[in-house]
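The values are calculated or read from the model by the stated rules, or taken from the named source; none is laboratory data. Only a predicted model underlies this, so the values are computations on that prediction, with no experimental measurement involved. For neighbour counting, all protein chains shown are included, and Cβ atoms are generated from backbone atoms with ideal geometry for every residue, glycine included.
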Amino acid sequence: MASEKVIGIDLGTTNSCVAIVENGTPTVIPNRGGYKTTPSMVAVTEAGKRLVGHIAKRQAITNAENTVYAAKRLIGRKWHSAQVRNAIATSSYRTVEGPHNDVRIVLREKEYSVPEISAMVLQEMRVIAEDYLGEPIAKAVVTVPAYFNDNQRQATRDAGEIAGLEVIRIINEPTAAALSYGYGRNLEKTVAVYDFGGGTFDISILEIGQNGVFKVIATAGDTFLGGEDIDARVIDWLVQEFKKEHGIDLRQDRMALQRLKDAAEKAKCELSSVRETEVNLPFIISSGRNEALHLQKVITRPLLEQLSTDLVERTIDICRQTLADAELHTDEIEEVLLVGGMTRMPRIHLAVAEFFRREPSKGVHPDECVALGASIQGYALVDESQEMVLLDVTPHALGIVTQGGYFEVLIPQNTTVPTHRQKIFTTSRENQTAVKILVMQGEHELAEQNELLGEFVLTGLRRAPKGQVEIEVTFEINADGIVSVRAKDLDTGLEQSIQVTATSGLTRDEISNMMRNAGDHLLERRSSEEVEVAKQEAERLIGEIERLFPQVEQIVAQSDFGREAIEKARAVVDRAKIAVEKRDLASLKEQIEGLARTQRMFKGVVAKTL
Ligand SMILES: Nc1ncnc2c1ncn2[C@@H]1O[C@H](COP(=O)(O)OP(=O)(O)OP(=O)(O)O)[C@@H](O)[C@H]1O
Ligand SMILES: [Mg+2]
């Protein structure tokens, strides 16, 4: 049975990280390669094998079309949105429109929903934790960017479910970072968390109070502003330079594009520690005359800064706005936490230090603190003795569409969650039996500029004269930041049924199907791993026995009994070799026992005669 242990997962655009609280100490769990973060990449090989993490990243260039990265940029988004258009324009994998205006990713002719892809990453993180802890894990706290809207949160929750995890809470990434910073330190401080990752930017202002109270005062961000966009600027520049030189557009070639992407990111990271670096991509493409062309360019730190200056400025503008929303001055911020890999870029570090007029804290690890915070929250949710109160806010205003296409706000941005608001709707026609309500999230006064969460139709209303039926609708945002709507007929007190038209979300049936599929793959993965481990063990033992053979033979060959033992040992080794060849788990296990016995006997013989 799975334990009560809860893991915390930072499901990042570029990298994911898993942590757990062990004996009261939050700890990051390394993967089998010893790395504390795992690339959020998924691939399907030619043989139909699924790869996740480092192993997917390593083959990305040669299998560009079937390797997914940055799926988080697509999660919970609509096919026609500007962000999806933008993201897929530069991606090397193929996408198509799904049945709910959502995005589907095509890998080896098979279509996957985005939550399904994210589920593969979550499942990998779960397996990393299970391998480390040696027991099955069923519960997780998963983080999302603070600025994620309801559709993105729901889709992340779906991903958890498909991965077979019970997501007991979704928390915001900057909030998690603050938790890991303040946990167990009994601080009283106002802190700003500046989180600039691979795909998203978030800023949160929090008050950390005595007795473990973490209260978010304001949050904002941009879910389409991250390291990926800075890479894109570098790629654009390289493509332009190459075009100037050779008149060829590298974008036509998926493999060239993937190599460029790789090189651009690498150059960007290098420029955090050196002042210039060379991008060198031999045989990047062939010219029309069948000659191989190379790309070779020097990029300096000032050039990178120039290419990304407006992006960095945008993050600072958002900080300024958020401070204003929190009604705070920069000098009231007592600590600035830097989170996310992009904060290693010197220009970004400097911009933040300049804006807040203080050196950022060294107290958090930019890659690990989010997962650590998630594990702390998970621990606090199952361990009643933990005194910790987390009060987060909703990043977007929640409202409905009124006549004329305006947006009527019911729950303003930065309201502490969980929360709810009620509104009374009346019928506008005689015998009206249904009322349609469009629920949206966003900051724009024109409804269409905001994110549509769902169309709610109140049905089966009583037949009555116009305006006589009053329905009270309750809009609720829970601690996960997820929205729900309920309705009640005020006269009869009856709950009204609400039909929700899925916007970009998956249906229950789809989720169950995907769950089954993911479960099958996990079994397959687990068993193939087990075979691999058994095979290696068998090979190790065979090697050892074969090494001892000459010595043992010399020692025991004089007796019949000894010769018999040698024969038997040979037979054991031969059978084991067949099992290794067949990769059959049951017979491998059986043979390992025989091999181990033989090896012990051999060692005994040799030791005795020393
Ligand atoms: N030394 C470095 N200098 C500059 N950028 C870096 C450095 N190291 C990592 N990065 C960049 O940081 C980004 C990844 O950051 P991080 O792992 O925090 O993102 P993430 O958590 O996966 O994404 P998100 O939080 O946006 O979903 C990548 O764009 C990567 O290139
Ligand atoms: Mg992150």
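What tally of residues in segment 268-284 results from selecting those that are more than 10 Å from ligand 1 (Cβ to nearest atom), at pLDDT 95 or above and surrounded by 13 or more Cβ atoms within 10 Å (Cβ to Cβ)? Walk me through it before giving the result.
To start, the set of residues in segment 268-284 that are more than 10 Å from ligand 1 (Cβ to nearest atom) comprises 274-284.
From what is left, the residues that are at pLDDT 95 or above are 274-279.
From the residues that got through so far, the ones that are surrounded by 13 or more Cβ atoms within 10 Å (Cβ to Cβ) too are 276-277, 279.
Residues meeting the conditions: 3.
For every residue, the table says whether it meets (1) in contact with a Lys or Arg (Cβ under 6 Å, 6 or more places away or on another chain); (2) within 16 Å of ligand 1 (Cβ to nearest atom); (3) assigned to a loop (DSSP other than H, G, I, E, B); (4) more than 20 Å from E207 (Cα to Cα).
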residue: L372; (1), (2), (3), (4): no, yes, no, no
residue: I376; (1), (2), (3), (4): no, no, no, no
residue: V409; (1), (2), (3), (4): no, no, no, yes
residue: N414; (1), (2), (3), (4): no, no, yes, no
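Quick check: anything in segment 188-201 of a type in the set (D, E, K, R), farther than 25 Å from P302 by Cα and assigned by TED's automatic domain parsing to the domain that holds V68?
First, the residues of segment 188-201 that are of a type in the set (D, E, K, R): 188-189, 195.
Retained after the next criterion (residues that are farther than 25 Å from P302 by Cα): 188-189.
Cutting the leftovers down to assigned by TED's automatic domain parsing to the domain that holds V68 gives us 188-189.
Scanning segment 188-201, I find at least one residue that is of a type in the set (D, E, K, R), farther than 25 Å from P302 by Cα and assigned by TED's automatic domain parsing to the domain that holds V68, so the answer is yes.
Just to be sure before I move on: is G373 under 19 Å from I230 (Cβ atoms) and within 16 Å of ligand 2 (Cβ to nearest atom) in the structure I sent? So that I can check it myself, show each step before the final result.
Numbers: under 19 Å from I230 (Cβ atoms): no; within 16 Å of ligand 2 (Cβ to nearest atom): yes.
Against the criterion (under 19 Å from I230 (Cβ atoms) and within 16 Å of ligand 2 (Cβ to nearest atom)), G373 does not qualify.
Check whether at least one residue in segment 354-369 is modelled with pLDDT of 95 or more, away from ligand 1 (no atom under 16 Å from the Cβ), touching a strand residue (DSSP E or B) at 6+ places or on another chain (Cβ under 9 Å) and basic (K, R), and report yes or no.
yes
Results for (1) exposed (fewer than 13 other Cβ atoms within 10 Å of the Cβ); (2) within 19 Å of G226 (Cβ to Cβ); (3) at pLDDT 95 or above, shown as yes or no for each residue.
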| site | (1), (2), (3) |
| --- | --- |
| D253 | no, no, no |
| E265 | no, yes, yes |
| H294 | yes, no, no |
| T309 | no, yes, yes |
| E313 | yes, yes, yes |
| T322 | no, yes, yes |
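It is to be established whether one or more residues within segment 210-217 are assigned to a helix (DSSP H, G or I) and crowded, with 24+ Cβ neighbours inside 10 Å. Full working, then the answer.
Going through segment 210-217, the residues assigned to a helix (DSSP H, G or I) turn out to be 210-212.
From the residues that got through so far, the ones that are crowded, with 24+ Cβ neighbours inside 10 Å too are none.
For segment 210-217, residues assigned to a helix (DSSP H, G or I) and crowded, with 24+ Cβ neighbours inside 10 Å: absent.
Checking the conditions here, which among V103, V144 is within 16 Å of ligand 1 (Cβ to nearest atom) and crowded, with 24+ Cβ neighbours inside 10 Å? Spell out how you get there, then give the answer.
Details: V103 fails: within 16 Å of ligand 1 (Cβ to nearest atom).
Answer to the selection: V144.
What is the number of the single condition among (1) of a type outside the set (D, E); (2) away from ligand 2 (no atom under 16 Å from the Cβ); (3) within 28 Å of the chain's Cα centre (by Cα) that R358 does not meet?
Only one criterion is unmet by R358, namely (3).
Here's a check for you: in segment 324-346, which residue that is more than 16 Å from ligand 1 (Cβ to nearest atom) and closer than 15 Å to P174 by Cβ is surrounded by the most Cβ atoms within 10 Å (Cβ to Cβ)?
Step one: filter segment 324-346 for residues more than 16 Å from ligand 1 (Cβ to nearest atom), giving 324-336.
Filter once more, so that each one left must be closer than 15 Å to P174 by Cβ: 325-326, 333, 335-336.
Details: D325: 16, A326: 24, I333: 20, E335: 21, V336: 20.
The selected residue is A326.
What single numbered condition from (1) within 24 Å of T143 (Cα to Cα); (2) in a helix (DSSP H, G or I) fails to hold for E65?
Of the numbered conditions (1) within 24 Å of T143 (Cα to Cα); (2) in a helix (DSSP H, G or I), the odd one out for E65 is (1).
Every residue, every condition in (1) within 16 Å of ligand 2 (Cβ to nearest atom); (2) within 19 Å of the chain's Cα centre (by Cα), yes or no:
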residue: I137; (1), (2): no, yes
residue: F148; (1), (2): yes, yes
residue: I170; (1), (2): yes, yes
residue: E173; (1), (2): yes, yes
residue: A177; (1), (2): yes, yes
residue: V191; (1), (2): no, no
residue: Y194; (1), (2): yes, yes
residue: F201; (1), (2): yes, yes
residue: E207; (1), (2): no, no
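Which of the residues that make up segment 1-28 are under 18 Å from A163 (Cβ atoms) and within 16 Å of ligand 1 (Cβ to nearest atom)?
Within segment 1-28, the first condition is being under 18 Å from A163 (Cβ atoms), and the residues that meet it are 2-3, 5-13, 15-20.
Of everything in segment 1-28, those that are under 18 Å from A163 (Cβ atoms) and within 16 Å of ligand 1 (Cβ to nearest atom) turn out to be G8, I9, D10, L11, G12, T13, N15, S16, C17, V18, A19.
Conditions first: (1) within 16 Å of ligand 2 (Cβ to nearest atom); (2) under 22 Å from E332 (Cβ atoms); (3) without any contact (Cβ under 8 Å) to a residue 60 or more places away in the chain; (4) not aliphatic (A, V, I, L, M). D231 passes all but one, so which condition is the exception?
Exception for D231: condition (2).
Just name the residue that is nearest to the chain's Cα centre (by Cα) out of those in segment 1-47 that are within 16 Å of ligand 2 (Cβ to nearest atom) and assigned to a loop (DSSP other than H, G, I, E, B). Break it down into steps so the answer makes sense when it comes.
At the first step, the residues of segment 1-47 found to be within 16 Å of ligand 2 (Cβ to nearest atom) are 8-19, 28, 35-41.
Now narrow it down to the ones that are assigned to a loop (DSSP other than H, G, I, E, B): 12-14, 35-37, 40-41.
Details: G12: 4, T13: 6, T14: 8, Y35: 16, K36: 14, T37: 11, S40: 6, M41: 9 Å.
It comes out as G12.
Looking at (1) without any contact (Cβ under 8 Å) to a residue 24 or more places away in the chain; (2) within 20 Å of E265 (Cα to Cα); (3) surrounded by 18 or more Cβ atoms within 10 Å (Cβ to Cβ); (4) of a type outside the set (A, V, I, L, M, F, W, C), which is the one condition that is false for Q59?
Q59 satisfies every listed condition except (3).
A quick yes/no check of all residues on (1) in contact with a Cys (Cβ under 9 Å, 6 or more places away or on another chain); (2) surrounded by 12 or more Cβ atoms within 10 Å (Cβ to Cβ); (3) farther than 30 Å from G48 by Cα:
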{"position": "G519", "(1), (2), (3)": "no, yes, no"}
{"position": "E530", "(1), (2), (3)": "no, yes, no"}
{"position": "F549", "(1), (2), (3)": "no, yes, yes"}
{"position": "S559", "(1), (2), (3)": "no, no, yes"}
{"position": "E567", "(1), (2), (3)": "no, no, yes"}
{"position": "T598", "(1), (2), (3)": "no, yes, yes"}
{"position": "A607", "(1), (2), (3)": "no, no, yes"}
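If a residue must be free of Cβ contacts under 8 Å to residues at least 24 places away in the same chain and under 20 Å from E130 (Cα atoms), how many such residues does segment 527-560 contain?
4
Would you confirm, using the coordinates I've provided, whether Q154 is more than 15 Å from ligand 1 (Cβ to nearest atom), under 16 Å from the mean Cα position of the chain (by Cα), modelled with pLDDT under 95 and not basic (K, R)?
On the way: more than 15 Å from ligand 1 (Cβ to nearest atom): yes; under 16 Å from the mean Cα position of the chain (by Cα): yes; modelled with pLDDT under 95: yes; not basic (K, R): yes.
Judged against the criteria, Q154 is a match.
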